[in-house]
1. Taking into account only those residues within the stretch 235-260 that are open to solvent by less than 30 Å² (accessible area, probe 1.4 Å) and in a loop (DSSP other than H, G, I, E, B), which is farthest from Ala207 (Cα to Cα)?
2. Can you tell me which residues in the stretch 499-532 are small (Gly, Ala, Ser) and either closer than 18 Å to Asp479 by Cα or not in a helix (DSSP H, G or I) (or both)?
3. Identify all residues within the stretch 470-498 that are open to solvent by 10 Å² or more (accessible area, probe 1.4 Å) and assigned to a helix (DSSP H, G or I); write none if there are none.
4. Do we find that Glu67 is within 28 Å of the chain's Cα centre (by Cα) and modelled with pLDDT of 90 or more in this structure?
5. For the stretch 221-234, name all the residues that are open to solvent by 10 Å² or more (accessible area, probe 1.4 Å) and touching an Asp or Glu at 6+ places or on another chain (Cβ under 8 Å).
6. Report whether or not Ser292 is more than 30 Å from Ser103 (Cα to Cα), part of a helix (DSSP H, G or I) and out of contact with any Phe, Trp or Tyr (no Cβ under 7 Å at 6 or more places or on another chain).
7. If I ask for residues that are free of Cβ contacts under 8 Å to residues at least 24 places away in the same chain and touching a Leu at 6+ places or on another chain (Cβ under 9 Å), which ones from the stretch 114-136 would you list?
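The values are calculated or read from the model by the stated rules, or taken from the named source; none is laboratory data. None of these values were measured; they are calculated from a predicted model. All Cβ positions, even for glycine, are placed from backbone atoms using ideal geometry, and neighbour counts span all protein chains on display. These area figures cover heavy atoms from the full protein model, side chains too; ligands, DNA and RNA do not enter into them. Shrake-Rupley method; radii C 1.70, N 1.55, O 1.52, S 1.80 Å.
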Amino acid sequence: ALACGDVPSYSAFEGMDLTGGGSSGSGAGARTEAAGPLTEPPLASAKLLALRTPQAVDVGSRGSLRERSALVPGALAGVEAEVSLLSDVLRDSEISEIVAVASKLLSDLVCAGRGREPDVADGRPRFAVTLVDRGRYGVELAHLLKPLVDEALLPYLRSKYDCPSMALSSAVFRRFLPEERRFLPPRLDYGAFVACCLSLQDLSASAGGMFVQAPGEDLSERRFVPLSRGEVAVYRWDLYHGVEVLQEDQRLLELSLIFKDSAEAVASGSSPWHFADAEAGDASAQVGWAVSLAASGDHAAAVQWLAKASAQDHVEAMFLLAEWAWEPPEGSGLEVDVPRSLQLYRHAAELGHMRSQCRLGCFLAEGVPGRVQKDPWEGKRLLRSAFDQGDADAGFHLGQALLQEGNRDGVAMILAGCARGHPRACFQVAEIYREGQHHIPKDMALSLKYTKWAAHLGDAQALSNLGNLLINGWGVVRDEARAVRLFRHAARLGAPEGMLNYGFALLRGSGGVKVDYQEALGWAQKAATQGNSLAQQQLPAFFNAAKNPNPPARSLPRSEAEIRRLSVRDLRDLLHAIGVDFSDCVERSDLAARAFESLLRGETDSWDAAPESTLLPEAPRKSREELQRLHRQQQEQRRRPTSPTLAHPTVYLEPPSKAEPSGDERDRASACAATPAGWSCPAVGSVAAASGAPRRSVEEFELVD
């Protein structure tokens, strides 16, 4: 059976208000469908950022272009940050090539389980591909990006910010797809002297996009930047900004360029422009310089600068100090200081810092044994405050706390987190549909959709559940090889159910994996250690199997010679078992080459939860009543008397006279000869008439069975 995990079965509620405060964001004439039939919360009109009158600026080789700008609240109260928009920087042909090439690169990475580096904003997979790394261009788009940067953007940026030594550090292409990333929380880019966001699609192609928001401000007060196709948003590190796609079926593609103030800073990965302002007492610059020092491994000096910024009530400095005091970074030499950590979390939360409110709220709502005493009321208050600012993690934990108390608003909070791509929220929505909880009708198709979404976002339990669906054929076409790969990913991520299922696969050789009793025993022991009752029950069977000196011979070939010895049928079975497409293989050598590439060249394990990996739905099954009705119809047809007449009787004609036929008569006779047996020939009558033979009616012909 599927594992329900930590999702309890709560009492059902009627008349739920599923919209929730601050749960749906805003979009221009758009709305979000967070979880299909569960809710369709309406969205207010998106608030667009008001821009000043455009003016002409020189953009290097692109000539004179329009520039519009706006001032928005910065990282500190009373400090403003500027964002500028350049029109028509990219040509249509350049956009098409960037989208085609970068999308293919990123899709290949995602399908191979890569491109999932944690984002600095929330620690979740960023689903991006790096096109330029520390000033080094990738070969795929260097011919296009290098002239754009060197001949157009750099001359403009150097003049605008009076920095002749500015250099490109990195270029990252990222996507926001359905069932993938939908929301990037607001943050500050401390590692960017200047950043550029290049829009690769029309403004009407997606509801949402890049937005700016003052720290501590409610999510409803954010302003979306009106970026059109080919435009570039230019801003410095002090702009508090994020990204959200509001419509469920829309996508967003963007190319981000990060510039540093010198080539030396690019090579070292540091941010030296913060130092002068940090020495002058600027709190935000002190945090930026501390982040740069921590990236280089000097945490002791970073703590000193963060303490100076914290003394000026800088909430980001307090949050970083609290994080390091709660769980010191590996190799930093810092020590755990729980009272100091909680004090800093509390102070930053009171000043409206979203991440501090979420962190402390989770601690208080659930309690931490030996560290934090449980305080549900205060925890929920802090979580609601963070949720109103747009924190998806706070929405999920608040929904969990409310549902445990029987509060119907908890479903709305979980749905809001699911709409923003929170993995655990997606998993719980899938369980709601699978179990039919809270008076929501069961829907296996939607349950499969959200299970796959949660699995793609890296939820270990969702990966194991998706493997269970595939290996049992519940709602999808059965695929043992893909199921075993999903179990392997879940086991590596720490899911007890995935560990046990992968252990069973190794024990039986399921999905084409090599039988390995010792490794199977190791995974079963890990699952039993984490408290999985079924693993504890089956552990003796794993021990007995590990004692067998002769494991079954079912295994994958380990050398090219073994592959060459396989027959065509064996090669087809092998490729099917490991989930490799071989529909384009014609000869046996093609099958052998495909097997060699898939097994012996060290390819990365496929990521079967990616949006590119389609799950085939199971064919609809007939109900009991339909089967009974079909059985009665078949019995009635058997009892009916059958007619002895033939559908196409064979007709025998009298031979024509021996008179020599003319040319036309010979042609008609040939046409009759080409007529299939049992079918009449329209030329028969005329042939008989021409030959002088008497014409006979159809009734006079004898029918032969």
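1. Ranking the candidates gives Trp237 first.
2. So in the stretch 499-532, the residues small (Gly, Ala, Ser) come out as 503, 505, 509-512, 520, 522, 524, 527-528, 531.
Those that are small (Gly, Ala, Ser) and either closer than 18 Å to Asp479 by Cα or not in a helix (DSSP H, G or I) (or both): Gly503, Ala505, Gly509, Ser510, Gly511, Gly512, Gly531.
3. Residues of the stretch 470-498 open to solvent by 10 Å² or more (accessible area, probe 1.4 Å): 471-472, 474-475, 477-480, 482, 485, 488-489, 492-494, 496-497.
Hits for the stretch 470-498 are Ile471, Asn472, Glu480, Arg482, Arg485, Arg488, His489, Arg492, Pro496, Glu497.
4. Values: within 28 Å of the chain's Cα centre (by Cα): no; modelled with pLDDT of 90 or more: yes.
No: the conditions fail for Glu67.
5. Once the filter is applied, which keeps residues that are open to solvent by 10 Å² or more (accessible area, probe 1.4 Å) and touching an Asp or Glu at 6+ places or on another chain (Cβ under 8 Å), the stretch 221-234 yields Ser228, Arg229, Glu231.
6. Values: more than 30 Å from Ser103 (Cα to Cα): yes; part of a helix (DSSP H, G or I): yes; out of contact with any Phe, Trp or Tyr (no Cβ under 7 Å at 6 or more places or on another chain): yes.
In short, yes.
7. Filtering the stretch 114-136 for residues free of Cβ contacts under 8 Å to residues at least 24 places away in the same chain gives 115, 117-118, 123, 136.
Within the stretch 114-136, just Gly115 meets the criteria.
For every residue, the table says whether it meets (1) surrounded by 11 or more Cβ atoms within 10 Å (Cβ to Cβ); (2) touching a strand residue (DSSP E or B) at 6+ places or on another chain (Cβ under 6 Å); (3) at pLDDT 80 or above.
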| site | (1), (2), (3) |
| --- | --- |
| Leu556 | yes, no, no |
| Ile563 | yes, no, yes |
| Leu574 | yes, no, yes |
| Asp581 | no, no, no |
| Asp584 | no, no, yes |
| Ala595 | yes, no, yes |
| Arg601 | no, no, no |
| Ala610 | yes, no, yes |
